[in-house]
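Here is the structure we will look at, set down as structure tokens.
Just so you know, all these numbers are worked out from the coordinates, no wet-lab data involved. Source: prediction; values computed, not measured. All Cβ positions, even for glycine, are placed from backbone atoms using ideal geometry, and neighbour counts span all protein chains on display.
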Amino acid sequence: MADIDRLIHEPARLEIMMHLYVVQNADYLFLQKQTGLTCGNLSSHLTRLEEAGYVLVIKGYSGRKPHTMLSLTPEGRKAFDNYRTRLAQILGDLPRR
Amino acid sequence: MPKNISIENVERKVFVSYFSDGMWDIYGGLILSGFGLSILTGQMILLIVFIAIAMVPVLIRKPIVAGRLGNVTFSIKREKKTMKYKTAAWIAGSLVLVSGALFSALYSSSSLPAWLDTMFENSFLLLIGAMLASIACIAGYATAVRRFYAYAVVVFLAFGLAAVLRPQDMEGIPVTAAGGLILLTGIVILIRFLRNNPNIDQGADR
């Protein structure tokens with residue numbers, strides 16, 4: 001368990017990573033709708049993922065309104081693949097009762 | 001365990017959510033209603049008017065959906081798959097139009113042998129129904145939206161009934177009714193979508 005990526009393991013961040021994993025890119029509203037997270041909650045988790053280099057955040061404007069586009073970086077995609085593999089290994093090794 | 005974190009399910013859920021607005025249902029329902037009404041009244045202009053009206057939900061769909069669900073670019077694999085099915089649906093749609101035009105031209109020329117004339121008259125509506133149902137099936141398969149399969153059944157049954165009612169000159173009724181049913185379903189889905197997804201001000205972006 002020690003080598004599991006705890007940054008991804010947190011449920012809200014796992015949800016964010018999963019949704020970004022299945023698309024090329026998405027905007028902030030999309031992620032908020034799909035994950036059901038509040039604005040502040042989503043922002044703080046995205047900041048942590050961005051700092052870790054897992055998520056690319058591009059801030060721009062759509063007309064005169066701010067518009068944030070998000071995507072997984074290659075490192076983020078690799079980290080998520082590793083997380084899935086590792087978690088499957090750990091839980092797959094458990095004996096059935 | 002890996003099945004519990006089902007990436008495929010997440011992808012499917014996200015993709016299906018982009019068809020929960022009912023606009024395509026309204027589009028299909030309007031065209032089918034127009035087709036039925038034009039048969040019923042003998043006024044082909046009605047079909048053209050309904051096709052023109054049906055373009056409205058298609059044109060306003062993107063800003064309405066994106067303003068409520070956000071913008072997303074799906075995976076390359078999904079985009080390719082969607083393009084493949086869109087092409088298939090367009091080909092099937094074009095076949096319906098071409099066969100319809102061909103039938104009208106042949107039928108009005110009265111130069112067909114009697115047996116071919118009878119065969120056309122008996123099976124034309126079924127053929128059109130089967131083609132339209134196959135378009136609905138392609139749409140259902142491409143979008144993973146199950147109600148499109150139900151529409152395929154409704155359309156095929158409506159055209160089957162139309163073929164039966166043809167001798168009484170009432171073939172337009174089941175087609176119009178099927179179109180109305182799909183249109184009504186689309187309107188209900190749209191109202192529910194608008195109610196469940198209020199337009200969030202993008203200024204609230206982080």
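Annotations for the structure displayed:
- Panel order for B:I39, B:I60, by other beta carbons found within 10 Å of each beta carbon, from fewest to most: B:I60, B:I39.
- Taking only Cα atoms of chain B, radius of gyration then Dmax in Å: 19.8, 72
- Dipole axis of region A:6-84 (+1 Lys, Arg; -1 Asp, Glu on Cβ), positive-most option in A:M17, A:A52, A:S62: A:S62
- Hits among lysines - C-alpha to C-alpha of B:K80 under 19 Å, sequence gap 8 or more where chains match: B:K13
- In the protein assembly as shown, inverting the average of 1/r over every pair of distinct C-alpha atoms gives 22.4 Å as the Kirkwood radius.
- The Rg/Rh ratio of region A:6-84, with Rg taken over Cα atoms and Rh as the Kirkwood radius over Cα pairs, comes to 0.95.
- Model label sites at B:T73 and A:R86, defined 7 Å from Cα along the beta-carbon direction, differ in position by 3.0 nm.
- Pairwise centroid distance, computed over Cα atoms, of region A:22-97 with region B:1-53, Å: 31
- Region B:46-86 - Debye-derived log10 I(q)/I(0), Cα point model, q = 0.14, 0.15, 0.26 Å⁻¹: -0.52, -0.58, -0.88
- Less than 5 angstrom separates the built amide H of A:Q24 from those of B:T73, B:F74, B:S75, all sequence-distant by 5 or more or on a different chain.
- You can think of it this way: the chain between B:Y141 and B:V58 has 27.9 nm of extra reach, that is 0.36 nm per residue less the Cα-Cα gap.
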